[in-house]
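Trainee: Just dropping this structure here.
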Amino acid sequence: MSMTVDFIFDFASPNAYLVHRVLPGIAERTGATFRYIPCLLGGIFKATGNQAPMAAYAPIPNKLAYEQLEFRRFIEKHGLSDFNFNPHFPVNTVLLQRGALVADRDGRLMDYVEAGLHHMWEAPKKMDDAEVYAAAMLESGFDGAALVEGAQDPAIKQALIDNTAAAVERGAFGIPTFYVDDEMFFGKERLGQVEEAIAAAG
């Protein structure tokens with residue numbers, strides 16, 4: 001039986017986009033399956049007192065510059081030439097994340113992940129605007145209006161709150177976060193360790 005690795009996920013994180021593009025290779029090499037768990041990054045930050053690197057490292061110019069250098073190195077190493085930084089960043093992803101749970105309920109989560117990441121980080125749009133969001137998802141083969149409506153379902157709203165709270169309780173403080181069994185790994189720079197842990201567990 002293949003191992004399932006939990007991936008704490010939010011479209012708000014450009015690093016989530018980058019690792020998403022690298023995970024298929026790890027899955028192919030290890031036989032593991034990555035289970036995407038939609039959470040709200042803003043909620044994780046609020047609960048843990050964390051900040052995005054752009055804010056956290058702003059008073060430390062050298063550290064911020066190095067973070068940006070590592071970001072470019074990762075893109076170059078993995079040939080992720082389709083990446084485009086979203087000019088509307090930071091984007092409030094409540095609608096996107098709730099929509100992911102609607103798509104998951106309908107059995108289309110991974111199709112939705114592909115679409116959402118495309119419209120956030122390849123052909124970037126202001127995806128916290130409901131009209132822009134609906135049109136973008138329609139372009140990608142979803143009923144955009146139905147997603148907007150579904151995002152207002154109290155059960156969907158509560159599921160996102162519950163996912164986020166569970167991630168924080170589990171130890172998450174940012175995204176991307178992975179769990180191999182109960183062992184946590186944070187950040188795109190830890191993907192090598194994630195793969196090693198999968199191999200060791202297998």
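The values are calculated or read from the model by the stated rules, or taken from the named source; none is laboratory data. Since the model is a prediction, treat every value here as computed from it, not as a measurement. Here the Cβ is made from the backbone with ideal geometry for all residues, glycine too, and neighbour counts use every protein chain on show.
Quick grid of which residues meet (1) part of a helix (DSSP H, G or I); (2) free of Cβ contacts under 8 Å to residues at least 60 places away in the same chain; (3) of a type in the set (Gly, Ala, Ser); (4) more than 22 Å from residue 85 (Cβ to Cβ):
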position: 104; (1), (2), (3), (4): yes, no, no, yes
position: 119; (1), (2), (3), (4): yes, yes, no, no
position: 126; (1), (2), (3), (4): no, yes, no, no
position: 155; (1), (2), (3), (4): yes, yes, yes, yes
position: 159; (1), (2), (3), (4): yes, yes, yes, yes
position: 169; (1), (2), (3), (4): yes, yes, no, yes
position: 184; (1), (2), (3), (4): no, yes, no, yes
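Trainee: Check 155, 166, 201 and return the single one that is touching an Asp or Glu at 6+ places or on another chain (Cβ under 7 Å) and loosely packed, with under 14 Cβ neighbours inside 10 Å.
Mentor: 201
Trainee: Could I ask something else about it? Among the residues of segment 24-53, what is the count of those that are of a type in the set (Gly, Ala, Ser) and more than 23 Å from residue 195 (Cβ to Cβ)?
Mentor: The number of residues fulfilling the criteria is 5.
So that you can scan it fast, the table gives a plain yes or no per residue for (1) modelled with pLDDT of 95 or more; (2) closer than 12 Å to residue 44 by Cβ; (3) not hydroxyl-bearing (Ser, Thr, Tyr):
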| position | (1), (2), (3) |
| --- | --- |
| 157 | yes, no, yes |
| 160 | yes, yes, yes |
| 173 | yes, yes, yes |
| 177 | yes, yes, no |
| 181 | no, no, yes |
| 186 | yes, yes, yes |
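Trainee: Filter segment 3-22 down to residues that are outside any strand (DSSP E or B) and in contact with a Pro (Cβ under 8 Å, 6 or more places away or on another chain) and give me whichever is nearest to residue 97 (Cα to Cα).
Mentor: 10
Trainee: If you check every pair at least six apart or on different chains, which have Cβ atoms under 8 Å apart with a residue in segment 35-64 that is assigned to a strand (DSSP E or B) first and a residue that is of a type in the set (Phe, Trp, Tyr) and crowded, with 16+ Cβ neighbours inside 10 Å second?
Mentor: 35/7; 36/7; 36/9; 37/7; 37/9; 38/9
Trainee: Take the residues in segment 186-202 that are without any contact (Cβ under 8 Å) to a residue 60 or more places away in the chain and part of a helix (DSSP H, G or I), then tell me which one is nearest to the chain's Cα centre (by Cα).
Mentor: 190
Trainee: Considering only segment 138-147, I want to know if a residue exists there that is in contact with a Phe, Trp or Tyr (Cβ under 9 Å, 6 or more places away or on another chain), in a helix (DSSP H, G or I), modelled with pLDDT of 95 or more and surrounded by 14 or more Cβ atoms within 10 Å (Cβ to Cβ).
Mentor: Yes, some residue in segment 138-147 is in contact with a Phe, Trp or Tyr (Cβ under 9 Å, 6 or more places away or on another chain), in a helix (DSSP H, G or I), modelled with pLDDT of 95 or more and surrounded by 14 or more Cβ atoms within 10 Å (Cβ to Cβ).
Trainee: Of all residues being surrounded by 14 or more Cβ atoms within 10 Å (Cβ to Cβ) and touching a helix residue (DSSP H, G or I) at 6+ places or on another chain (Cβ under 7 Å) in segment 52-63, which is nearest to residue 189 (Cα to Cα)? Just the residue, please.
Mentor: The extreme case among them is 53.
Trainee: Residues that are among the charged types (D, E, K, R), out of contact with any Leu (no Cβ under 7 Å at 6 or more places or on another chain), closer than 21 Å to residue 107 by Cα and surrounded by 12 or more Cβ atoms within 10 Å (Cβ to Cβ): does segment 5-19 have at least one?
Mentor: Yes, segment 5-19 contains a residue that is among the charged types (D, E, K, R), out of contact with any Leu (no Cβ under 7 Å at 6 or more places or on another chain), closer than 21 Å to residue 107 by Cα and surrounded by 12 or more Cβ atoms within 10 Å (Cβ to Cβ).
Trainee: Just name the residue that is surrounded by the fewest Cβ atoms within 10 Å (Cβ to Cβ) out of those in segment 76-133 that are over 14 Å from the mean Cα position of the chain (by Cα) and of a type in the set (S, T, N, Q).
Mentor: Ranking the candidates gives 81 first.
Trainee: Continuing with the same structure: Condition test on residue 105, is it charged (D, E, K, R) and under 18 Å from residue 13 (Cβ atoms)?
Mentor: It is false that residue 105 is charged (D, E, K, R) and under 18 Å from residue 13 (Cβ atoms).
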